[in-house]
Structure formats: structure tokens, C-alpha cells
Number of protein chains: 2
Amino acid sequence: MTNGKEATLHHRILSDIEGRIVSGEWPPGYRLPFEVDLAAQYGCSRMTANKVLTHLARAGLIERRKKSGSFVAQPVMQAAVLEIHSIEAEVRSLKLPYSYRLERRILREAGPADRQHLELSETASVLDLVCLHHAGERPFCLEERLINLATVPEAEGEDFARLAPGTWLISQIPWSTAEHKIYALSASADVAKTLDIPRNAACLVIERRTWGSSGPVTFVRFTYPGDRHALVARFTPGGEN
Amino acid sequence: MTNGKEATLHHRILSDIEGRIVSGEWPPGYRLPFEVDLAAQYGCSRMTANKVLTHLARAGLIERRKKSGSFVAQPVMQAAVLEIHSIEAEVRSLKLPYSYRLERRILREAGPADRQHLELSETASVLDLVCLHHAGERPFCLEERLINLATVPEAEGEDFARLAPGTWLISQIPWSTAEHKIYALSASADVAKTLDIPRNAACLVIERRTWGSSGPVTFVRFTYPGDRHALVARFTPGGEN
DNA sequence: CGGATTATTATGTATATACATGTTCAGCCA
DNA sequence: TGGCTGAACATGTATATACATAATAATCCG
């Protein structure tokens, strides 16, 4: 497999420079050698050095200024990648049997609250769904969802009795933009009863708004019992590689 | 602002192809034209087409296979970028005065719990800090931190009376890897008292483990009153640009 | 001496070219 | 028919070259 070498010339140069930066040998603000010097140093052409520096710049490790040169950037560490798995995958990774149940399915005109959630300016029909995801016998997650029928009219023909709306939607809207909001909330009486947890237990809430190329698609709120669920996010300077 | 032009040839090609993908015109699995055909189509060289496709592949929008060609990838939508600001910046963005107070500072040998938090195999000295961040008059966030003195011996000489340890650390360990864990928790009696919130109120907890090039650096747990704080994460196919 | 003009310099983008590498496919031979 | 071999092909990487662009440094002149 990939034994970490990837001995292409520009990977070697890249990880060398990356190493100097993350180790602190080249501290923030340090001006690194010019492209021509790097090229000479590594015995490669300027294009190759350029590629490496461009990559480092896109990864945020360096900052480039014309005429002045390239500088090690100030570490910002303001971004981490949050992995968002499907609930089914999440449950199965705990080696528990997954099951899904539709609790409610209402078709209606969007009210003011719906319009705010979906960021709709005009009125439209929405599908209001409530589902419950189980891990084994216990409720794992409560899903409250609005689907904008103006953008996804096909949703009206789906009953979502067996297929979770999230799963169905990714097959309909292939690529989309999403915004997440994550916070903690004490369980209301309703939520506590549905999730089978004590009243006022802390819950982790994830709200997601999704847009496709033709407008707002869906708004969804996932409520997890807080002590049984955690999100994990990772950050590595230089990113993927 | 960025008016979407960026009229370099390869940005135009890139956003054109990106558009076809996100709009669904080229659905997942679709084989896009070969590099030579794209080059001909846009009247550019193969190198330029290659650059664009390489970019799209790195962004995860397409998948490339030798001999076969390049294909629109299956949408995964499993990653979102979580922006993590400094607490001071966060408070100031709410237009509230920020203040910081050190509550505790203990130097000790790492116990089993400390070693687990820092993922230390051997024993070492750690600095155990508790700080409180205020927004105006109200407590905004409780910070409980361990610093590994084997990696950051300079921390022993800091009293952290006025400077928050997070701020100090990024000046010491310029570039680092971090892992975050986010969950909800009911406030214990202690936490409730410290944060001036009701007992059992839902709190948002963010734990962060940080590594530098020479080993584990710090473990920190931020506890926020859950109803007053939310994290926001965004995902756009194609990423930064 | 100061302000405008010009030259220099480093990066940014693009092209043409070359060869390497990994797949697929077609054809060959047993 | 079955398996092997090699040609064809698409991508991957690297080089040399060219010109554009932006910022600084140097120069010139009123």
C-alpha cells in the first residue's frame, strides 16, 4: 500500500518543507527561499517548485506575495474537518442493529417558521417529517425535517415509511451546500418521552440547512441524547495530501 | 468582494465543470471528456485541463482512473469545515467586553487520568489550569486545561494570570494537529455554580487534544452554557477555491 | 529634494513537449 | 477456449519556455 513514501519528486519536496514549518525550524513569518533557489536546491525546474509552493499556499501553510517572496503563515488553527456520517452508518459502527421509523408525515403550505428554517422568501409547499432512528431497542436520534417541495417535488410521491429521507435526498440532489449549527439543549417533555430519556437531560442538537443548485432543499434537526453521542473533528496542517 | 469572475482561464473552466456537476447535468458516475478533448473544447493545452481536473479530484468532486477517464464522484457529504475561533474573538464578535480570569494553576506529576487525556504512555509533569472567560458580566466559557511540560517546558515559567493559555500556546507551538470531541452534558453542581447557570442546565462541551511535532501538547475542555452558544460548520462541494 | 517614471524582480498563468505508469483490450498462441 | 503478451491509451509527472502582473527599487528631472 502507500507506505508514506510517494516518492514523486514534488511530494518529497513538499513534505520536506512542510516538516520544516510544522517543526518550527521555519517559524511563522520566515521567508522561504525563492522559487528559483528552491529549484536549484532540489535540482528541479521552477515549475515544480511553483507547484509545491502553490500547494502549500492553498493548504494555508504559507502566504505568497509578489516580488517579496513566500512566507510561513501565522498559524490560525481555526478550521477542523467535521465528519458527518449517515445515522445508519453511525449506529452500525457501534455494532448495534439499526432501525428506522416514520412518526409523522404532513404536507402543508410553509408557515412563517418553516420559511425561516428553509430561508424561503416566497411561500411554498413543504413536507414536514418526524422520524426516529433506533440503535437496538433504544431510541438513538430524533429527526425533524422539512423538505421544500418547490425544489424537490418528487418528495411528494415518497412515503418515507421505510427509507429515511436523508438517504433518499442524497440520491435526488447529488451535490449540495450545507450549513450546520450545533448546540446543547435540555430535553423538553416531548423530546424526553420520544427519546426515552429523563426530562431536562442534555441533548446534542445538530441543525442542517441544505441548498442545491435550484434553491433551498431541506432543513433538518437531529436531537441526540447528549451523554450517548459525540461528534469528532480533526485538523492537520496541510490537510489531506 | 469576489464577484465570481477571477477570469483566469482555468478558473473559468473549473467553475464551468463544477457547475455542470453540482447542477446534476453531469450526474454521479458520468464520465467527463478526456483531457485532450477538454483542451480542444476550451481551446487550451492539455496541461491546463489537467490542472483543472487535478483540482476537482483533490476537492473530491471527481474520481480519476488511468486509461478509463475521469468520473463524477458519488456525493458523500460527510465532511464539513468547523470554524474554531479564539474565545476572545468569539466574545468580541458578539460586541461584548471580554475578560479572562485564572481560577487554578497546579503543577503536578501526571496521574492516570491526565495520561489518558494527553495520550501519554510515560509519566511526565503536567500543568493543570482552570480558567473562566467572561462576556460582559456573565461567565461565557469554562476552560479546563492540561499542558504537557515534557513537550512545552516553557509553560512552567508562565503564570497565565493575564494571558489565556490557548493564546500563549499558539505562539509556542506554531503548527499542530488537533482532534476535537463535541458533546452535550448536564451541568454538575460545580460547573453550574461556576458558570452561573441552573443545576442540570444543558452545556455544550468541546474537548481538544493537540499534538506538535515533538508529542502531545495539551488537552483542553471548554464548557459553554448550551443555550447561549452554538457552533457553525459549512460545507460546499469543491471547497475553498 | 520630492514626486513621477522606469527597471528589476518574484510570482502567476499558460503552452508545448517528453517520458513514465497503470489499465484495458485485442490478438496471438497453446 | 483459455491464458498470456503487447499495443494503445489516458492520466501523472516533470522540464523548458514565454509572457503577464504586481510590488519594490532605482533613476531621473523639475
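The values are calculated or read from the model by the stated rules, or taken from the named source; none is laboratory data. Quick caveat: nothing in here was measured; it's all calculated off a predicted structure. Because the Cβ atoms are built from the backbone with ideal geometry, glycine has one as well, and the counts that use them run over all protein chains shown. Accessible surface areas use protein heavy atoms only, side chains included; no ligands, DNA or RNA. Shrake-Rupley method; radii C 1.70, N 1.55, O 1.52, S 1.80 Å.
In terms of the ratio Rg/(2.2 N^0.38 Å) built on C-alpha atoms, what value belongs to the stretch B:121-241?
Numbers: Rg = 16.2 Å, N = 121, 2.2 N^0.38 = 13.6 Å.
Normalised Rg, Cα atoms only: 1.19.
The mean accessible area for residues of the stretch A:9-72, using a 1.4 Å probe and ignoring ligands and nucleic acids, is 54 Å² per residue.
So what's the net charge close to residue B:162: Lys and Arg +1, Asp and Glu -1, counting the other residues with Cβ under 15 Å from its Cβ?
Values: positive: B:101, B:105; negative: B:88, B:103, B:143, B:158, B:159.
It works out to a net charge of -3.
For the stretch A:99-163, the set of trypsin sites (Lys or Arg not before Pro) satisfying both a DSSP loop assignment and a count of at most 11 other C-beta atoms within 10 Å is given as A:162.
List the GluC sites (Glu not before Pro) in the stretch B:113-176 that DSSP assigns to loop (not H, G, I, E or B) and whose Cβ has at most 13 other Cβ atoms within 10 Å. Which are they? Please report the intermediate quantities before stating the final value.
On the way: sites: B:119, B:122, B:137, B:143, B:144, B:154, B:156, B:158; in loops: B:119, B:122, B:137, B:158.
Hits after loop and neighbour filter: B:119, B:122, B:137.
I need the shape label for chain B. Rule: rounded when a/c is under 1.5, else prolate if a/b > b/c, else oblate, with a, b, c from the alpha carbon gyration tensor. In terms of gyration-tensor shape, prolate. Report which residues of the stretch A:54-80 become buried by 50 Å² or more of accessible surface when going from the isolated chain to the complete set of protein chains (1.4 Å probe; DNA, RNA and ligands ignored). Checking the loss per residue gives A:58, A:75, A:77, A:78, A:80.
Assuming a ≥ b ≥ c are the square roots of the Cα gyration tensor eigenvalues, decide whether the protein assembly as shown counts as rounded (a/c under 1.5), prolate (otherwise, with a/b larger than b/c) or oblate. Note, shape of the protein assembly as shown comes out oblate.
Given a 1.4 Å probe and every protein chain left where it sits, what share in percent of the accessible area of the stretch A:9-72 is carbon and sulfur? Please list the in-between numbers first.
Working: 1830 of 3470 Å².
Reported share for carbon and sulfur atoms: 53 percent.
Accessible surface area normalised per residue over the stretch A:81-233 is 47 Å², counting heavy atoms of protein chains with a 1.4 Å rolling probe. Each other residue within a Cβ distance under 10 Å of residue B:103 adds +1 if Lys or Arg and -1 if Asp or Glu, for a net charge of +1.
Each chain gives up part of its surface: B and A jointly bury about 4600 Å² of accessible area, both sides summed, for a 1.4 Å probe.
Across peptide B:105-115, what mean number of C-beta atoms from other chains lies inside 10 Å of a residue's C-beta? Working shown, then result.
Working: counts 0, 0, 0, 0, 0, 0, 0, 0, 0, 0, 0.
That average works out to 0.
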